[in-house]
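Have a look at the structure below before the remarks.
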Amino acid sequence: MADPAADPLAAQAEAVILVGGQGSRLRPLTLTTPKPMLPCAGVPFLTHQLLRLAETGIEHVVLATSYRAEVFAEHYGDGGELGLAIDYVTETEPLGTGGGIRNVADRLTGGPDTPVVILNGDVLSGHDLTAQLRMHREVDAAVTLHLVGVEDPRAFGCVPTEADGRVTAFLEKTPEPVTDQINAGCYIFRRDVLETIPTGRPVSVERETFPGLLAAGSRVQGYREDAYWLDVGTPAAFVRGSADLVRGVLRSPAVAAPGPALIAPDALVAEDAQVGDGSVIGPGCVISAGAVISGSVLFENVWVAAGAEVRSSVLGAGARVGERSALTDAVLGDQSLVGNDNELAAGARLWASAVLPDATIRFSPGA
Ligand code: GTP
């Protein structure tokens, strides 16, 4: 339900969340579940974003789906339980970010100058959306992007601005960036501007729409705020994001009581097992004697045998880890099995239902 203190400006805004990507960097977990629906700090990742929108005062959200589209409506229905009205649009062919946004235009209900907030469905951000909306309205921008400063902008396209926040260019990845500012994946379109995106073909907002608006002399505004920001597209970032939400490093309305770990009420955790650093132990999990679970996400019905260690890893539903095995920065697909006395590290991934026999892999860095 909308926060009573919410800004009235937010109530006029609508939101679109792009959730149609394949999530290839999170395979095999995303082979069955789309990335925004992976459990993160106890709920589907998307729930954190939806509740933040509701808390801001936004009431209408359109989900731009493509890959595994049916999963979203099955889970959220009309959105009423979250205090939202949720609509779904499905692309038969993936249309990219810009095409996906354009494709939902006829589901928006506001007038031509309504602010439409667009979120990438894989970004955790603690920035002040109301302040971004205010800036958008104040300067009457065509688009207002949340910009965040990053330590190493070389891996991203960067977005230089003038002193008043006016964006001057969208620059591709380069070894010598001119600014540390990057597009944080939350932008506000004026509705009539959104409707100028071409229909029926893939369009990238970053490569085509934003540069096109600049070339046409439209006001493209940067809203810089160096709040918590994380793209959870990789396994390492996904576990970090979940642990940050569990510990309250980033507050989410979906995490009622931040703490060292989130353990489902029906999970069985041995008395001398150690579970911490923001780990999540899902429903039906069993953690045996002496096991260590640190900074990891265990989906439902995961079984970890005695003396095993699981660090910074994601374990899919029904995965099993044998005695004394050690996992660091690993991903286990649903129903997979790591036998006793194995060591997996450095991004190792086991496919769904795969079986690693006892004492098969030892990880020896530098050996
Ligand atoms: P990777 O395959 O691991 O790169 O992940 P991804 O498929 O999610 O791609 P990326 O991280 O670049 O996508 C950013 C956001 O846009 C995510 O929220 C995606 O769900 C979303 N997205 C990407 N492509 C499409 C698309 O064609 N249509 C829609 N509706 N959303 C998309």
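A short reminder: the numbers here are calculations on the coordinates, not readings from a lab. What you are looking at is a predicted structure, and each value in this text was computed from that prediction instead of being measured. As a convention, Cβ positions derive from the backbone with ideal geometry for all residues, glycine included, and neighbour counts pool all protein chains shown.
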Let me check against my output: what whole-number percent is the relative contact order of the range 205-278, with C-alpha pairs under 8 Å and at least 6 apart?
21 percent
So what are the range 226-301's ellipsoid semi-axes, whole angstrom, largest first, if each one is the square root of 5 times an eigenvalue of the alpha-carbon gyration tensor?
23, 13, 11
Let me have the relative contact order for the chain, percent, based on Cα pairs under 8 Å that are six or more residues apart.
13 percent
Percentage of Cα-Cα pair distances in the chain greater than 26 Å, rounded to whole percent?
53 percent
Per-residue HN-Hα couplings for the range 336-343 [Karplus 6.51, -1.76, 1.60; θ = phi - 60°; Hz; x = Gly/Pro]:
7, 9, 9, x, 5, 6, 10, 9
Whole-number D in µm²/s for the range 17-126 (Stokes-Einstein; Kirkwood sum over Cα pairs; 20 °C, 1.002 mPa s)
150 µm²/s
As a footprinting exposure proxy, order SER325, SER294 by other Cβ within 10 Å, with the fewest listed first.
SER294, SER325
Rank these for me by crowding, THR56, THR114, going from fewest to most other beta carbons within 10 Å.
THR114, THR56
What FRET efficiency, computed as 1/(1 + (r/R0)^6) with R0 = 22 Å and r the Cβ-Cβ distance, is obtained for GLU195 and ASP78, rounded to the nearest 0.05?
0.30
Give me the net charge of GLY290's neighbourhood, meaning all other residues with Cβ under 14 Å from the Cβ of GLY290; Lys, Arg count +1, Asp, Glu -1.
-3
